[in-house]
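Asker: Got a structure here, written out as structure tokens. Questions coming.
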Amino acid sequence: MAKKWVYLFTEGNAQMRDLLGGKGAGVAEMTRAGLPVPPGFTITTEACNAYYASGRQFPEGLWEQVLEALKVIERETGKRFGDPTNPLLVSVRSGAKFSMPGMMDTVLNLGLNDETVKGLIAQTGNERFAYDAYRRFIQMFGKIVLGIDPERFERRLEEKKRQVGAQADTDLTAEHLRDLVEEFKRIVEEETGRPFPSDPYEQLRLAIQAVFNSWMNKRAVDYRNFHKIPHDLGTAVNVQAMVFGNMGWDSGTGVAFTRNPLTGEKELYGEYLPNAQGEDVVAGIRTPKPIAALKEDMPEVYEQFKRYAEMLERHYRDMQDLEFTIERGKLYMLQTRSGKRSAAAAVKIAVDMVHEGLIDKAEALKRVEPEQIEQLLHPQIDPRAKVQVIARGLNASPGAATGKAVFDADRAEALARQGEKVILVRPETNPDDVHGMLVAQGILTARGGATSHAAVVARGLGKPCVAGCEALQIDLEKRQFTVDGIVVKEGDVISINGSTGEVILGEVPLIEPELSPELRELLSWADEVRQLQVWANADYPRDAAKAREYGAQGIGLCRTEHMFFEPDRLPLVRTMILAAAEATALDRAVADLEAALANPRPDQDPARLQQQLAEARRRREASEAWHAYHDSLRRLEVIQTEDFKGIFRVMDGLPVVIRLLDPPLHEFLPRYEDLLVEVTELRLKGDGAELAEKEKLLRAVAGMREANPMLGLRGCRLGILFPAIYEMQVRAIFRAAIAVQAEGKVVKPEIMIPLVGHINELRVAREQLERVAQAVQAEAGVTIPYKFGTMIEVPRAALTADEIAQAAEFFSFGTNDLTQTTFGISRDDAEGKFLLQYVERKILPQNPFQVLDRDGVGKLMRWAVEQGRQTRPDLEVGICGEHGGDPESIAFCHELGLNYVSASPYRVPVARLAAAQAALARPLVAHTA
Ligand code: PEP
Ligand code: MG
């Protein structure tokens, strides 16, 4: 006996998604629950796979089972397929396990031909309706199944309307439509070289084949590759008796969500079109009415629909996206599936459902994507700003965006690659536009409703979208749109507000959003379950305050060099750098002689040493560079002390990891190439004084040039070569800590040395800096609890972590550098160049600077954690590279048993949720520290 390839809707259920696809399982479940679903059947995903296995042939028994199932539908509906007096018409839809763009669109009204159309007239008594259904069928079938350019039909339709002076489609009479049917059939024959297939069974066979074929079309394959969906899942095919939403004004069709997908509010949200077929709503061709209008138009149907919606939501314990059709006052449910939603809605729905007793807290935490949370923290348009609103559309996806108007997806992609911010403007979007939507700041369309392609995709991507802004007259050829006499050309800056639907000319000021009460509650549940602490990378008091507001439990990285870049400090920093080498040599000469004098060797004459020391001191005193160096350090110390005070005050009671100066010093100086040009120009002009100055600078900069600065004189190497710089920083840290402690606050500084590769580097730095720390505390007569530790950001440090831990009370993985040095890839040179290709060609699974490379970098980390904790069981271990804010990397840090992850302030809430999800997925036994 042949395998079972076909399931009636009455035979399936919600658990059979693998076999019946999402749609098939959904309608089967609704049928079981007793909802009014037009009868139908589903051809399994296994049949699709068997079709490919046998070289695109129907597997044995499939067609016979389809015919059997059709008989059952005929019995249930009392109609017959191909019957010229009382014909059964069906729809054919694809439906894979996951809803996927790129698959085949729905074919409606299948079964119509010159004979059965007469039966449809007899059934309905409505000739116009019947011919309209027939011409739509040929059009859809021609486009979807036979692959004919839809423009051919559209143009013909428009011509017809013009010919007969019709404004809308609805102005066409039965006769006009009958003519169109003939003309459409001619188009099919011209395009395919064969007459339009009039046999309903052949129509059905071709449509089923087309669904199977669409599984392997390029768009679908690309989408699966991108989302790592296996290619052998196959798609199911759903064949269902037609019901008609276009049988008059007591008919209609619509789409609705059980809760508002923008805000999460518990209310029916959606739209419907009276006297229309389903595709009219989805395609966004006519702008539909809000679902509330149904309450006015057909109150009983509305109440019934509302009841079903509630029932389905309770049944699935999730917000549902429903499709329905009303045929002459009778409601039919066509589809239910879990609805796509904005980030704000995802949070609100999850939290509300816990309060409603539908789901538990753990389930709520799993239902929100950590990445979605960041969208909620994105800036909004400052409500006080004066903006020039030029048009209004639907508020289809929340948030605000500013960028250059661009009119096609390829162009958007090209500009975005050059670092431009763009807004994609289209009449409407379809799956071919997705690559442009991915890179755009926001999306603006002239047509389509809140459930149009643009709206649904934008919400999924978390991008602002204004849809259905009908006032825009878009001219794709001229690359511009016009509204109210204002012309916006490609490249002109516009803004959109996806929360209000406004389209604004020019750039707009943006402001910080607040955490909603629901988000706060969800994050508090996350805090109950997570085992990782979440700290923040913050360089300024204002960042620290933001981080704390978002729930950070410490500062994991304060990059002190950022303070050096402030415009009031840069001149001091430059002076310091240019004088550092000379001043340090002079200091060292004095120090060496002092040491020799304190403990002279037998061959040394103390009197002579005394003389040499006096001479060294005199030389030092006479050196301009030496004075400049120490003077700028003293002034920088005052400034840094104030910076640190600000941070300690904000972080009262929480640890603050301060990293001493890290970048190569030339980053603070003018570029060598720029200086060279300036000096050359001055030489030509013969400008004496300025020339001498610039030449000196050029010499200094030339002397500090490095072939490979990221591997050059930076990190702890700087601190060792120019000890006064780190000493100044440590003094500033302790003076600030002492002052803030005296204000009654609790300070917990942690001093972090960057780029250590060898234990001796850390030993030297620590010995010298502890001396300073002790001296400052002794001078003030107070003690400050502090820790001393290091970054682990070169492989050697990770490999010798057992030794390093002897001199470090904490480790912080600097995975930006650790990734660079482990791969031997310079991030600045690689990203956007070969690394992009590597990821596209799957040589690397992901960009390792975004998602931590578990197998390489991760292995070093695991080793370092184990070895470090063997030496020092209470070693505190965290991560402060950008991976500390990436959910996948956070899960890995959880598995390694780190104490904390440190992320930028905006990602702190993301990290809190990601850490909770990691803990729910893999609870750990508590580790020691
Ligand atoms: C790192 O290397 O991961 C790090 C945090 O330091 P930076 O990015 O400042 O080099
Ligand atoms: Mg680093």
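Asker: G26 - would you say it is modelled with pLDDT under 95, crowded, with 17+ Cβ neighbours inside 10 Å and part of a helix (DSSP H, G or I)?
Answerer: yes
The rows are residues; the columns are (1) under 23 Å from D321 (Cβ atoms); (2) crowded, with 22+ Cβ neighbours inside 10 Å; (3) of a type in the set (S, T, N, Q); (4) touching an Asp or Glu at 6+ places or on another chain (Cβ under 8 Å).
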position	(1), (2), (3), (4)
A412	no, yes, no, no
G419	no, no, no, no
A458	yes, yes, no, no
I494	no, yes, no, no
E507	no, no, no, no
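Asker: Name the single residue, out of those in region 422-456 being over 18 Å from E502 (Cβ atoms) and aliphatic (A, V, I, L, M), that is modelled with the highest pLDDT.
Answerer: Across region 422-456, the extreme among qualifying residues is V422.
Asker: What are the pairs, 6+ residues apart or on separate chains, where a residue within region 816-842 that is at pLDDT below 95 has its Cβ under 6 Å from a residue that is away from ligand 2 (no atom under 15 Å from the Cβ)?
Answerer: Pairs found: Y838/L844; V839/N847.
Asker: Go through region 137-149 residue by residue and tally those that are of a type outside the set (A, V, I, L, M) and either modelled with pLDDT of 95 or more or buried (at least 22 other Cβ atoms within 10 Å of the Cβ) (or both).
Answerer: Of the residues in that region, 4 qualify.
Asker: Can you name every residue in region 192-205 that is of a type outside the set (F, W, Y) and either surrounded by fewer than 18 Cβ atoms within 10 Å (Cβ to Cβ) or over 28 Å from V117 (Cβ atoms) (or both)?
Answerer: The first filter runs over region 192-205 and keeps only residues of a type outside the set (F, W, Y), leaving 192-195, 197-200, 202-205.
Within region 192-205, T192, G193, R194, P195, S198, D199, E202, R205 qualify.
Asker: Against the conditions (1) surrounded by fewer than 22 Cβ atoms within 10 Å (Cβ to Cβ); (2) of a type in the set (A, V, I, L, M, F, W, C); (3) at pLDDT 95 or above, where does L112 fall short? Just the number, please.
Answerer: Every listed condition holds for L112 apart from (1).
Asker: Condition first: within 17 Å of L896 (Cβ to Cβ) and more than 15 Å from ligand 2 (Cβ to nearest atom). Can you find one or more residues in region 793-800 that meet it?
Answerer: Yes, region 793-800 contains at least one residue that is within 17 Å of L896 (Cβ to Cβ) and more than 15 Å from ligand 2 (Cβ to nearest atom).
Asker: Please list, ordered by first then second residue, the pairs with beta carbon atoms under 7 Å, 6 or more apart or interchain, first in region 58-72 and of a type outside the set (K, R), second part of a loop (DSSP other than H, G, I, E, B).
Answerer: Sorted first by the residue in region 58-72, then by its partner, the pairs are P59/W5; E60/A2; G61/A2; G61/K3; G61/W5; L62/W5; Q65/W5.
Asker: Let me ask something else about it. Condition first: buried (at least 21 other Cβ atoms within 10 Å of the Cβ) and away from ligand 2 (no atom under 16 Å from the Cβ). Can you find one or more residues in region 480-487 that meet it?
Answerer: Yes; the residues of region 480-487 include at least one that is buried (at least 21 other Cβ atoms within 10 Å of the Cβ) and away from ligand 2 (no atom under 16 Å from the Cβ).
Asker: Looking only at region 715-724, filter to residues that are crowded, with 21+ Cβ neighbours inside 10 Å and on the phi < 0 side of the Ramachandran plot; which one of those is farthest from ligand 1 (Cβ to nearest atom)? Spell out how you get there, then give the answer.
Answerer: Going residue by residue through region 715-724, those that are crowded, with 21+ Cβ neighbours inside 10 Å are 715-716, 718-719, 722.
Add one more test, that the residue is on the phi < 0 side of the Ramachandran plot, and what stays is 716, 718-719, 722.
Details: C716: 13, L718: 13, G719: 15, F722: 19 Å.
By that ranking, first place goes to F722.
Asker: Only residues that are modelled with pLDDT under 95, under 21 Å from M247 (Cα atoms) and out of contact with any Ser or Thr (no Cβ under 7 Å at 6 or more places or on another chain): list them for region 84-108, please.
Answerer: T85, N86
Asker: Might you let me know whether region 709-716 holds any residue that is under 30 Å from G551 (Cβ atoms), hydrophobic (A, V, I, L, M, F, W, C), part of a helix (DSSP H, G or I) and within 34 Å of the chain's Cα centre (by Cα)?
Answerer: no
Asker: Would you be able to tell me the number of residues in region 545-554 that are touching a strand residue (DSSP E or B) at 6+ places or on another chain (Cβ under 6 Å) and either within 12 Å of ligand 1 (Cβ to nearest atom) or within 19 Å of E374 (Cα to Cα) (or both)?
Answerer: Total satisfying the criteria: 3.
The values are calculated or read from the model by the stated rules, or taken from the named source; none is laboratory data. These figures come from a predicted structure and were not determined experimentally. Because the Cβ atoms are built from the backbone with ideal geometry, glycine has one as well, and the counts that use them run over all protein chains shown.
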